[in-house]
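In what follows, a structure is listed as structure tokens, so that the remarks can point back to it.
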Amino acid sequence: MRLELREIAFSFGDLKVFDHLNASFNGGNLNILIGPNGVGKSTLLKIIAGILKPSRGEVFLDGAPPARGEISYLPQDNELLPWFTVRENVELPLKIRGISSAEGRKRAEQAMELTGVLQLADRYPRRLSGGERKRAAIARALVAEAKVLLLDEPTANVDPAGKEDIWRLLKGVAKERITIAVTHDIAEALLVGDFIYVLSGRPARIAEVTEGGERAWERLRSIVELYYRR
Amino acid sequence: MGKAKEYSGALLPPLRALYFLAALLLLVVLWEAAASLYQRPYLPHVWEIGERLWRELSAGELVGDLQLSLRRIALSLLISSLTGITFGLLAARSSYGSRLLRPIILATYPMPHITLIPILLWLLGVEGSKIAVISLITFYPIALSTMEWALRTPREYEQLIETMGGNAWHKTVYVVIPSILPGVLTGLRLAVSTAFAVVFVAESFVLTGGVGAFIEESWQRFDYAGVYAGMIALSAAGMISYAAIWLLEKRYREKIGY
């Protein structure tokens with residue numbers, strides 16, 4: 001599994017966010033995308049998800065443009081529809097695909113069990129903590145059997161214990177798909193990421209890709225420098 | 001959704017029911033004080049109105065009229081809800097709709113629609129004109145509220161459906177309709193109060209039954225206790241309908257925190 005971004009260009013009005021951006025992400029790893037505020041991390045996720053259209057360049061999933069439903073995207077907020085319970089949210093991708101309710105229910109329960117939200121199945125999102133909402137949204141992505149999982153700040157507004165739960169869950173989930181999570185927290189990225197992608201500059205480009213673990217910490221200074229380079 | 005805002009309703013929370021009863025009692029006391037002080041035929045005593053209301057309700061005449069008025073209001077609200085939601089959605093979500101419908105709705109909203117009764121009478125007949133004028137007036141709060149809420153539907157929710165492979169139909173069913181429901185209920189709540197006020201005018205124009213006709217006939221006979229009995233019956237029914245919709249709206253908004 002491989003996700004490739006080729007020659008991506010994107011602007012907000014006169015502001016060139018990306019120009020000739022190239023990157024590739026492999027499946028089986030937890031890829032973390034970091035970069036200073038406003039560099040375009042969320043924009044890049046939205047381009048990959050197909051929500052924003054680049055003015056030039058293309059996204060390829062295993063050599064072909066991704067089909068609808070192959071990419072699951074979790075925004076920072078509003079990741080669950082507030083008028084549906086956790087169960088209804090998790091079953092939604094299957095309903096959209098027209099999969100029977102009995103089959104959908106079974107698959108949703110498996111996914112909720114895996115992400116630890118089965119006991120919250122009948123709650124509405126407003127009754128969940130930040131971490132519980134994220135785990136429910138991850139369950140929905142698993143049900144969708146998306147090949148690519150994109151997460152924008154998955155641990156924002158989550159308490160420390162909840163953060164650990166989410167990263168542990170994502171480590172497991174990432175083994176079977178291409179996972180890209182955005183965070184602005186360098187330390188968190190170095191701690192959990194298998195690969196750390198640093199987005200920097202204007203127009204932004206992938207300035208560095210570092211393998212996680214001990215070696216990543218040696219690169220900390222240069223990563224911090226990249227944060228402030230314009 | 002991030003931290004949900006608590007929705008605090010403006011009227012009738014259960015704990016305030018006592019205050020509500022106290023306010024009603026105060027109104028009764030003030031009325032009786034005025035009636036005792038001025039001794040005018042158009043200000044009957046509270047017990048006269050009460051006795052008359054009781055007699056009318058048990059004899060059945062007012063009950064029949066009330067049922068007829070409620071049927072007219074229900075039918076009118078059904079028509080105004082269907083058209084109001086449709087037009088409100090089109091005005092907010094379709095590009096032609098927003099260019100054409102929005103100015104039309106906004107420009108015709110402040111018009112005194114009640115003055116159209118003679119034309120409606122000529123066009124639609126007696127019964128049709130009553131339904132039409134109530135529907136027309138109650139259309140606006142529903143259409144405007146639907147439009148406002150449809151414009152506020154967070155784009156991110158629709159993007160979620162898109163990333164799941166959903167089409168326009170899925171977005172309408174899973175995002176747009178649930179997201180505008182609180183607005184539709186607010187519009188309906190305002191429309192209900194308006195409908196109860198307008199039904200009097202509609203029914204007193206050509207007298208073919210209903211509480212409006214009952215009140216008008218009482219006026220013509222200088223039967224003031226009858227006038228007030230009819231008014232109380234109508235406003236009580238209006239208040240109950242308003243409270244029922246308010247409760248529904250409150251429950252939904254508390255559930256979803258939206």
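Worth a mention:
- Flag for A:Arg68 being surrounded by fewer than 16 Cβ atoms within 10 Å (Cβ to Cβ) and more than 10 Å from chain B (Cβ to nearest Cβ): no
- Annotation note: Cβ proximity below 6 Å between a residue of region A:102-123 that is over 16 Å from A:Leu169 (Cβ atoms) and a residue that is hydrophobic (A, V, I, L, M, F, W, C) (sequence gap 6+ or interchain) occurs for A:Gly104/A:Leu94; A:Arg107/A:Val143; A:Ala108/A:Val90; A:Ala108/A:Val143; A:Ala121/A:Val86; A:Ala121/A:Met112; A:Arg123/A:Val86.
- Scanning region B:52-74 for residues that are open to solvent by 70 Å² or more (accessible area, probe 1.4 Å) and free of Cβ contacts under 8 Å to residues at least 60 places away in the same chain yields B:Trp54, B:Arg55, B:Ser58, B:Ala59, B:Gln67, B:Arg71.
Conditions tested, residue by residue: (1) outside the structural domain of A:Tyr228 (by TED's automatic domain parsing); (2) within 28 Å of A:Gly13 (Cβ to Cβ); (3) more than 18 Å from the chain's Cα centre (by Cα).
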| site | (1), (2), (3) |
| --- | --- |
| A:Gly35 | no, yes, no |
| A:Gly38 | no, yes, no |
| A:Lys41 | no, yes, no |
| A:Lys46 | no, yes, no |
| A:Lys95 | yes, no, yes |
| A:Ile99 | yes, no, yes |
| A:Thr115 | yes, no, no |
| A:Tyr124 | yes, no, yes |
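- Residue identified as open to solvent by 40 Å² or more (accessible area, probe 1.4 Å), of a type outside the set (S, T, N, Q) and in the same structural domain as A:Arg219 (by TED's automatic domain parsing) among A:Phe18, A:Phe12: A:Phe12
- Per-region count, region B:135-165, residues aromatic (Phe, Trp, Tyr) and within 14 Å of chain A (Cβ to nearest Cβ): 2
- Qualifying residue in region A:176-196 (condition: in contact with a Gly (Cβ under 7 Å, 6 or more places away or on another chain), under 30 Å from A:Ser100 (Cα atoms) and either open to solvent by 10 Å² or more (accessible area, probe 1.4 Å) or in contact (Cβ under 8 Å) with a residue 12 or more places away in the chain (or both)): yes
- Top-ranked residue in region B:25-47 [being over 29 Å from the mean Cα position of the chain (by Cα) and more than 14 Å from B:Tyr224 (Cα to Cα); ranked as surrounded by the most Cβ atoms within 10 Å (Cβ to Cβ)]: B:Glu32
- Being surrounded by fewer than 23 Cβ atoms within 10 Å (Cβ to Cβ), away from chain B (no Cβ under 14 Å) and either of a type in the set (A, V, I, L, M) or over 18 Å from A:Ala144 (Cβ atoms) (or both) holds for only one residue in A:Gly28, A:Gly35, and it is A:Gly28.
- Qualifying positions in region A:145-167 - part of a helix (DSSP H, G or I) and closer than 27 Å to A:Pro66 by Cα: A:Ile166, A:Trp167
- For B:Ala168: the one exception among (1) small (Gly, Ala, Ser); (2) within 13 Å of chain A (Cβ to nearest Cβ); (3) open to solvent by 20 Å² or more (accessible area, probe 1.4 Å); (4) under 26 Å from the mean Cα position of the chain (by Cα): (4)
- The set of residues in region A:48-78 that are among the basic types (Lys, Arg) and farther than 30 Å from A:Leu128 by Cα comprises A:Lys53, A:Arg56.
- Top-ranked residue in region A:90-140 [being basic (Lys, Arg), within 12 Å of chain B (Cβ to nearest Cβ) and in a helix (DSSP H, G or I); ranked as least open to solvent (accessible area, probe 1.4 Å)]: A:Arg140
- Meets criteria (in contact (Cβ under 8 Å) with a residue 24 or more places away in the chain and either part of a loop (DSSP other than H, G, I, E, B) or within 14 Å of chain B (Cβ to nearest Cβ) (or both)) for A:Val173: no
- Scanning region A:38-54 for residues that are assigned to a loop (DSSP other than H, G, I, E, B), β-branched (Val, Ile, Thr) and open to solvent by 10 Å² or more (accessible area, probe 1.4 Å) yields a single hit, A:Ile51.
- Residue list for region B:171-191, restricted to those being buried (at least 21 other Cβ atoms within 10 Å of the Cβ) and either facing another protein chain (nearest Cβ under 9 Å) or more than 31 Å from the chain's Cα centre (by Cα) (or both): B:Tyr174, B:Val175, B:Ser179
- Residues satisfying the stated conditions in region A:149-164, i.e. touching a helix residue (DSSP H, G or I) at 6+ places or on another chain (Cβ under 7 Å) and buried (at least 19 other Cβ atoms within 10 Å of the Cβ): A:Leu149, A:Leu150, A:Asp152, A:Pro154, A:Thr155, A:Val158
- Of the numbered criteria (1) more than 8 Å from chain B (Cβ to nearest Cβ); (2) open to solvent by 10 Å² or more (accessible area, probe 1.4 Å); (3) free of Cβ contacts under 8 Å to residues at least 60 places away in the same chain; (4) not basic (Lys, Arg), the one A:Asn78 fails is (1).
- Selected residue [in contact with a helix residue (DSSP H, G or I) (Cβ under 8 Å, 6 or more places away or on another chain) and open to solvent by less than 50 Å² (accessible area, probe 1.4 Å)] from B:Ile215, B:Ile232: B:Ile215
The values are calculated or read from the model by the stated rules, or taken from the named source; none is laboratory data. Predicted model only: the values in this text are computed from it and were never measured. FYI the Cβ positions are ideal-geometry reconstructions off the backbone, even for glycines, and counts take in every protein chain you see. Ligands, DNA and RNA are stripped out before the accessible areas are found, and what is left, the full protein with its side chains, is counted by its heavy atoms. Shrake-Rupley method; radii C 1.70, N 1.55, O 1.52, S 1.80 Å.
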